[in-house]
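For reference, the structure is listed below as structure tokens.
The values are calculated or read from the model by the stated rules, or taken from the named source; none is laboratory data. In this text the structure is predicted, and so the values were computed from the model without any measurement. For neighbour counting, all protein chains shown are included, and Cβ atoms are generated from backbone atoms with ideal geometry for every residue, glycine included.
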Amino acid sequence: MEKEKCICGHEFEYDESDPYRGQGRIIARQDLGNVMSSIIYLINKAMKLASEIDLDEPFALKQRQYLNSQAHSAIIFNTRHISQCMNCGRLHIRDSEGNKHIYRPENEQHSHDILISRKCDNWKGYLRGRWVKQAQDQKIFWYGFVKWDTDQSQGDLRFSDWETLQNEYFRIFEDLRSNELIYSAFLIHDDDVTHRYVRKLDDSSNS
């Protein structure tokens, strides 16, 4: 996870994988058609797959992962990252080559939260847990974290053993889910997803 530093001195997190406040993706009108065509193609392919095989079969799981990856790539490839400094309101935009450009609001009355969810207070947050290994000085060691962000609370906990991490992840998950504060959650051990939760899209409370 990178740290961005604004001209005003304020630091904020830069992470493509999580929906931090003040971050987003922008798309040129010229690229919108490509993205829509790619998504429609992948939806049709997923529907065809669902009609032909059992979605719980190993082959189907691999195909689903592949389609998810293709959808993610179609969006990331055709869009660019944008961040807003919550302190001064400056917009940090990366161009197609990854170079950063900074734009300052015309006056202090401009909103400093342009990039929050359009659902505002009804936005559902996320929970992430991960246990990973890392090599250092020719030794392998494990470490992990549990991170969440909702409109009511945020947290980023670090762990040195898997069992404690796992117990804390599920404790936080049950609390956030029971209070309808998250739309997704997952727990990863090395490269294996050991738990996944996605809130149903047709849930009226998240509309």
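Given the residues Leu67, Leu115, Leu91, which is the only one that is over 18 Å from the mean Cα position of the chain (by Cα) and surrounded by 13 or more Cβ atoms within 10 Å (Cβ to Cβ)?
Just one listed residue meets the conditions, Leu91.
List pairs: first residue in the stretch 183-195 and over 22 Å from Ser160 (Cβ atoms) and surrounded by 14 or more Cβ atoms within 10 Å (Cβ to Cβ), second residue at pLDDT below 90 and of a type in the set (A, V, I, L, M) anywhere in the structure, Cβ distance under 7 angstrom, at least six positions apart or on different chains.
Ser184/Val198
Are there any pairs with C-beta distances below 9 angstrom linking a residue in the stretch 111-123 that is modelled with pLDDT of 75 or more to a residue that is of a type in the set (D, E, K, R) and assigned to a loop (DSSP other than H, G, I, E, B), with the two at least 6 apart or on different chains, and if so which?
Short answer, once both residue conditions are applied: Asp113/Arg21; Leu115/Arg21; Ile116/Arg21.
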